[in-house]
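The values are calculated or read from the model by the stated rules, or taken from the named source; none is laboratory data. As the structure is a computational prediction, the values presented were derived from the model and not from experiment. So basically every Cβ, Gly included, is an ideal-geometry build from the backbone, and we count neighbours across all protein chains shown. We work out accessible area using only protein heavy atoms, side chains counted, and drop any ligands, DNA or RNA first. Shrake-Rupley method; radii C 1.70, N 1.55, O 1.52, S 1.80 Å.
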Amino acid sequence: DAGVIQSPRHEVTEMGQEVTLRCKPISGHDYLFWYRQTMMRGLELLIYFNNNVPIDDSGMPEDRFSAKMPNASFSTLKIQPSEPRDSAVYFCASGAWGQGTSYEQYFGPGTRLTVT
Amino acid sequence: TQLLEQSPQFLSIQEGENLTVYCNSSSVFSSLQWYRQEPGEGPVLLVTVVTGGEVKKLKRLTFQFGDARKDSSLHITAAQPGDTGLYLCAGSYSGYSTLTFGKGTMLLVSP
């Protein structure tokens, strides 16, 4: 399997512009997670889906952030309008049940977003 | 409130040295996972521990889950430059798919 695929790997945009990040999860995984990573705050869970349905979006920082999962093989995270404080690395992860009751997540390579 | 505290935050050692990093919490987790993240990449799952007191070995890496399932440690024997990276621990609660991540220990192994 190719693993979780994210695009673009790097995005530089100006404040106020719309940014769309894309993710293709591992086939067969029923959960998809969007995270943001910064030095100050570490990995933060933004939103996650189960079988394409959003389950918890309480980590989405503001209404400027939105996420969709139109089918089992594709998800997007959109920021509109973008602000400099949104600069971070955004990860997508998909998951499956591991041993016992543990849930294992597999991360994509991330999108490094810089908003100037 | 940081549910998972990792220590040390940063560790710089020479090749061949041994080291231990820690992951502590006041919460009881049903399982705990360790990830390694290399610069410019996403975290990669190394191991999952599910039983209190469990010890797992992955080549030169030894992982231990505390008896009370509130803490864990990662010991690396004879560290190599390829071990350089951010080591993250993440806890999960029984039946839940979400993970609580610590902020990580950044390990730098110099030749």
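For region B:89-103, what are the residues that are outside any strand (DSSP E or B), open to solvent by 10 Å² or more (accessible area, probe 1.4 Å) and within 20 Å of A:Leu46 (Cβ to Cβ)?
B:Tyr93, B:Tyr96, B:Thr98, B:Leu99, B:Lys103, listed by residue number.
Please specify each residue of region B:1-56 satisfying the condition of being among the charged types (D, E, K, R) and open to solvent by 70 Å² or more (accessible area, probe 1.4 Å).
Initially, region B:1-56 is screened for residues among the charged types (D, E, K, R), giving B:5, B:15, B:17, B:36, B:38, B:41, B:54, B:56.
Those that are among the charged types (D, E, K, R) and open to solvent by 70 Å² or more (accessible area, probe 1.4 Å): B:Glu5, B:Glu15, B:Glu17, B:Glu38, B:Glu41.
For B:Arg36, indicate whether it is within 14 Å of another protein chain (Cβ to nearest Cβ) and touching a helix residue (DSSP H, G or I) at 6+ places or on another chain (Cβ under 9 Å).
Answer is yes for this residue.
From A:Thr20, A:Thr13, grab the single residue that is modelled with pLDDT of 95 or more and within 14 Å of the chain's Cα centre (by Cα).
Among A:Thr20, A:Thr13, only A:Thr20 is modelled with pLDDT of 95 or more and within 14 Å of the chain's Cα centre (by Cα).
Among the residues of region A:77-116, write down those that are open to solvent by 10 Å² or more (accessible area, probe 1.4 Å), touching an Asp or Glu at 6+ places or on another chain (Cβ under 8 Å), at pLDDT below 95 and not aromatic (Phe, Trp, Tyr).
Those that are open to solvent by 10 Å² or more (accessible area, probe 1.4 Å), touching an Asp or Glu at 6+ places or on another chain (Cβ under 8 Å), at pLDDT below 95 and not aromatic (Phe, Trp, Tyr): A:Ala96, A:Gly98.
Criterion first (within 14 Å of another protein chain (Cβ to nearest Cβ), in contact (Cβ under 8 Å) with a residue 40 or more places away in the chain and either assigned to a strand (DSSP E or B) or within 30 Å of A:Arg112 (Cα to Cα) (or both)) does B:Leu107 satisfy it? Spell out how you get there, then give the answer.
Working: within 14 Å of another protein chain (Cβ to nearest Cβ): no; in contact (Cβ under 8 Å) with a residue 40 or more places away in the chain: yes; either assigned to a strand (DSSP E or B) or within 30 Å of A:Arg112 (Cα to Cα) (or both): yes.
No, not satisfied.
Which count do you get for residues in region B:39-87 that are of a type in the set (Phe, Trp, Tyr) and farther than 27 Å from A:Ala88 by Cβ? Walk me through it before giving the result.
Going through region B:39-87, the residues of a type in the set (Phe, Trp, Tyr) turn out to be B:63, B:65, B:87.
So of that shortlist, the ones also farther than 27 Å from A:Ala88 by Cβ come out as B:63, B:65.
Qualifying residue count for the region: 2.
So which residues in region A:20-36 are assigned to a strand (DSSP E or B) and either of a type in the set (Ser, Thr, Tyr) or closer than 25 Å to B:Glu5 by Cβ (or both)?
Across region A:20-36, the qualifying residues are A:Thr20, A:Tyr31, A:Phe33, A:Trp34, A:Tyr35, A:Arg36.
Looking at A:Glu62, A:Glu14 in this structure, which one is surrounded by fewer than 15 Cβ atoms within 10 Å (Cβ to Cβ) and touching a residue at least 40 places away in the same chain (Cβ under 8 Å)?
A:Glu14
With respect to the numbered conditions (1) open to solvent by 30 Å² or more (accessible area, probe 1.4 Å); (2) of a type in the set (A, V, I, L, M); (3) within 22 Å of A:Pro81 (Cβ to Cβ), which one is the sole condition not fulfilled by A:Val19?
It fails just one condition, (1).
Would you check if there is a residue in region B:70-88 being within 11 Å of chain A (Cβ to nearest Cβ), closer than 30 Å to A:Asn51 by Cα and surrounded by 21 or more Cβ atoms within 10 Å (Cβ to Cβ)?
For region B:70-88, residues within 11 Å of chain A (Cβ to nearest Cβ), closer than 30 Å to A:Asn51 by Cα and surrounded by 21 or more Cβ atoms within 10 Å (Cβ to Cβ): present.
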